[in-house]
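Written below as structure tokens is the structure these notes are about.
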Amino acid sequence: MEGTREALRKSIARWTDKESRLETAIPSLWLSRLEEPTEPMSGMYEPSICLVAQGAKRVLLGDDTYVYDAQHYLITSVHLPTVVQVVEASREKPYLGLMLKLDVREIAQLMGDSHLPPPRAQQSSRGMATGRVTLPLLTAFQRLIDLLDDEQDIPILAPIIQREIIYRLLVGDQGGRLREIAATGSQSHQIARAIEWLKGNFSQPLRIDDLAAQARMSSSTFHHHFRSMTALSPLQFQKQLRLQEARRLMLMEHLDAATAAFQVGYESPSQFSREYSRLFGAPPLRDITQLRQMAVGGRA
């Protein structure tokens, strides 16, 4: 196990030698490297598995805390707004990690095509959890990264290895979580669809009764299951989507705060500024200025 983990460490370190975050030639695979701990940062986790070869990261989801390291992976089954912090990293032992995005359709197809063993017991309905890293999972990821040296093999072999990784997750200690999300008609699947709708329509006024009706649930049942999966109410979820998109618009498209606020659905710039400061720890202008300074410092 440790030999395989060391090989993975070396592979990620080699590919991230020139940049801290690498979008690889394998679709949906990202590698990352950081040489010092980070401040807590708000961000959106996609359906994915995150693996650490060295170091550790802490993720806050509502009032829940998840820490993953070389012995534990993080699995996310739906889009979730979080606060993220690398807590173990140094120049001598940098944080080295990877993220593989998961396609729920591929999970559903594998479930339909295969006679999978029954899932292991699962205690929580959250859309995020940590699980123990196994040797088969580590070796599959190592073979996936090895393909980066022979890019002509990626179109044929990468989907095969990714299918194996999904299989390992489905039969692992968090497999029940993925099966529920992918099972059409299940309550988790319906909540996942509601989350997708919110992601595409967060600037519109939120009507819980309409969203519950789409999920074929009563409003109280919908609210309960939504909070169980995301640790947030639908309104809190929408608010975080709006604020994160506004931050992106100001940072990447150079919109001023008032324009960004109106674009994501706010009617009151002062309310936007208050809620932005509460989430990101500083008013919009100061926060964006700090982010740009950090980006310049990182390139220096």
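For the stretch 184-300, just list the percent of Cα-Cα distances falling in each 5 Å bin from zero outward, please.
Taking all Cα pairs of the stretch 184-300, the binned fractions are 2, 12, 19, 19, 14, 13, 11, 7, 3, 1, 0 percent.
Label the stretch 53-201 by shape, choosing from rounded, prolate and oblate, from the square roots a ≥ b ≥ c of the eigenvalues of the Cα gyration tensor; if a/c is under 1.5 it is rounded, and otherwise prolate applies when a/b is larger than b/c, oblate when it is not.
It comes out oblate by the Cα gyration axes.
With a/c under 1.5 counting as rounded, go ahead and sort the stretch 235-285 into rounded, prolate or oblate using the C-alpha gyration tensor (a ≥ b ≥ c being the square roots of the eigenvalues; past the cut-off, prolate if a/b is larger than b/c, else oblate). Present the calculation step by step, with values, prior to reporting the outcome.
Details: a/c = 1.31, a/b = 1.23, b/c = 1.07.
Taking the square roots of the gyration eigenvalues as a ≥ b ≥ c, the stretch 235-285 is rounded.
What are the extents of the Cα atoms of the chain along their three principal axes, listed from largest to smallest and rounded to whole Å?
Here the spans come out as 55, 51, 34 Å, largest first.
Above 17 Å lies some portion of the pair distances; for the stretch 146-203, what is it as a whole percent of all C-alpha pairs? Mind showing how you got there, number by number?
Working: 977 of 1653 pairs.
Pairs farther apart than 17 Å: 59 percent.
What spacing in nm lies between the two simple spin-label points modelled at SER186 and ALA13, each 7 Å away from Cα in the Cβ direction?
Placing both labels 7 Å along Cα→Cβ, they lie 3.9 nm apart.
Take the cross-link list LYS57/LYS93; LYS57/LYS199; LYS10/LYS93 and give me the ones stretching past 18 Å between alpha-carbons.
Numbers: LYS57/LYS93 14 Å; LYS57/LYS199 25 Å; LYS10/LYS93 11 Å.
Over 18 Å apart, Cα to Cα: LYS57/LYS199.
Distance between Cα centroids, the stretch 146-200 to the stretch 239-280: provide it in whole Å.
When both Cα centres are located, 32 Å separates them.
Per 5 Å bin, what is the whole-percent P(r) computed from every C-alpha pair distance within the stretch 48-101?
Each 5 Å bin holds this share of Cα pairs: 5, 19, 31, 26, 13, 4, 1.
Would you mind getting me the FRET efficiency between ARG143 and LEU251? Use the beta-carbon distance for r and R0 = 30 Å, nearest 0.05.
On the way: r = 37 Å, r/R0 = 1.22.
In this case the efficiency is close to 0.25.
Where a number appears in this text, it was derived from the coordinates with a stated rule and is not lab data. This structure is a prediction, so every number in the text was calculated from the model and none was measured. Ideal geometry is used to build each Cβ from the backbone, glycine not excepted, and the neighbour counts take in all protein chains shown.
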